[in-house]
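Before any comments, here is the structure.
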Amino acid sequence: MKKIRVLIVEDSLVVRELLKHIIGSDPRFEIVAAVESAEEAIRLLDSTRPDVISLDIRLPGMNGLDATLHIMQQRPTPIVVVAANVDDDELNITMNALRAGALSVVEKPVGVTNVAFEAMAAKLCTQLVIMSQVKVVRQGGNRGLSFGTVAEPQPAPKAAGRGGYSMVGLVASTGGPQALVQLLSGLDGFRLPILLVQHITASFLDGFVSWLSGVTPFKVKIAEMGEVPRPGHVYLAPADRHLAVHHGQVLITDAPTQYSQRPSGSVLFASMAKDFGPRGIGVLLTGMGVDGSDGLKAMRDAGAYTIAEHESTCVVYGMPGAAAKLGAPREMLPLPGIATRLRQLTLEEGEP
């Protein structure tokens, strides 16, 4: 079996050697280089031809965000950010690296004597394997995250007998942070509460909430049991807990994983199908795997309005593609068109 070629970028000698030990001990990988700066990594891209890059964020000279931007313009390569959640500055760089095109973020493994070492090492290797399979595309210098010209959206279809909508369920995985920023930024003043499942490393969840609140027009918070979602707010699933809704209130559960995920988008969507029926809206964005697809189908069967991101703008088409095969979405829309459609769907009688 062909080995996965890995380029390690880490300025700390101790951590770099630790990463070399972890990755080099896994027979699935070949380390093509381990360097201390982004500048050196960029110089080696063409000669080493890595399948995936393990990238530190706080680097001497060019930081991880700028490195991501450069790599995605020069030689697009899957990037896994390996970062320590140490302060706001590092966290901001990490989140913006995801927005710029990095595929996932994992926590830096601690020393081999730490009880968490084996689990952290295994997660790093798993992410490198998964992300090495993603086909990334060249990104332009404009990181406003527009994806080119999108056809003018047509008027939203009317469903006979349908009342007003009550809530939006939003699910994303790989490529989600950049997609969420673009979508939510187009919904300033949006009238419905939004429940969100985003697959992300638990240790970065609090920072992800703060970051998303700062770059979108919404107040973003981790959902709490029993609260009633309010317009203008995004309620994010807690770490390692399912997010659902019951009688219009937030329900947090530790039920078994679905599709190896907890939180699971399928759990959220299925609960919305039961609780809201035709008054719900479900949106499934970019992501690897099939999570959310059957839940979105349950929403459509219950009369809800269901949307999946079109393949043309997905970083990874796995989840939306799985939903499409089930006939779950009423519409497949490019990312820039989803906010427009949500606005159309929620216009009240007599509004322009």
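The table below lists the values:
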quantity: Boolean, residue 289 is of a type in the set (Gly, Ala, Ser), in contact with a Phe, Trp or Tyr (Cβ under 9 Å, 6 or more places away or on another chain) and assigned to a loop (DSSP other than H, G, I, E, B); calculated: yes
quantity: Matching residues in the range 190-211 - criterion: being free of Cβ contacts under 8 Å to residues at least 60 places away in the same chain and under 20 Å from residue 169 (Cβ atoms); calculated: 193, 194, 196, 198, 205, 209
quantity: Complete set of residues in the range 219-242 that are assigned to a loop (DSSP other than H, G, I, E, B), within 18 Å of the chain's Cα centre (by Cα) and surrounded by fewer than 21 Cβ atoms within 10 Å (Cβ to Cβ); calculated: 238, 239, 240, 241
quantity: Hits in the range 292-310 - residues which are under 19 Å from residue 191 (Cβ atoms) and part of a loop (DSSP other than H, G, I, E, B); calculated: 304
quantity: Which listed residue is among the aliphatic types (A, V, I, L, M) and assigned to a loop (DSSP other than H, G, I, E, B), from 245, 315, 267; calculated: 315
quantity: Selection count where residues are modelled with pLDDT under 85 and part of a helix (DSSP H, G or I), scope the range 74-90; calculated: 3
quantity: Among (1) more than 27 Å from the chain's Cα centre (by Cα); (2) at pLDDT 95 or above; (3) part of a helix (DSSP H, G or I), the one test that residue 23 misses; calculated: (1)
quantity: Test: residue 268 is of a type in the set (A, V, I, L, M) and either surrounded by fewer than 24 Cβ atoms within 10 Å (Cβ to Cβ) or within 20 Å of residue 200 (Cα to Cα) (or both); calculated: yes
quantity: Residue list for the range 212-244, filter: over 18 Å from residue 190 (Cβ atoms) and in contact with a helix residue (DSSP H, G or I) (Cβ under 9 Å, 6 or more places away or on another chain); calculated: 222, 237, 238, 239, 240, 242, 243, 244
quantity: Output for the range 271-310, where each listed residue is within 17 Å of the chain's Cα centre (by Cα), surrounded by 22 or more Cβ atoms within 10 Å (Cβ to Cβ) and not aliphatic (A, V, I, L, M); calculated: 282, 286, 287, 291, 292, 293, 309
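Rundown of residues vs (1) farther than 20 Å from residue 179 by Cβ; (2) modelled with pLDDT of 95 or more; (3) outside any loop (DSSP other than H, G, I, E, B); (4) under 22 Å from the mean Cα position of the chain (by Cα), yes/no style:
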{"residue": "1", "(1), (2), (3), (4)": "yes, no, no, no"}
{"residue": "44", "(1), (2), (3), (4)": "yes, yes, yes, no"}
{"residue": "72", "(1), (2), (3), (4)": "no, no, yes, yes"}
{"residue": "92", "(1), (2), (3), (4)": "no, no, yes, yes"}
{"residue": "99", "(1), (2), (3), (4)": "no, no, yes, yes"}
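The values are calculated or read from the model by the stated rules, or taken from the named source; none is laboratory data. As the structure is a computational prediction, the values presented were derived from the model and not from experiment. As a convention, Cβ positions derive from the backbone with ideal geometry for all residues, glycine included, and neighbour counts pool all protein chains shown.
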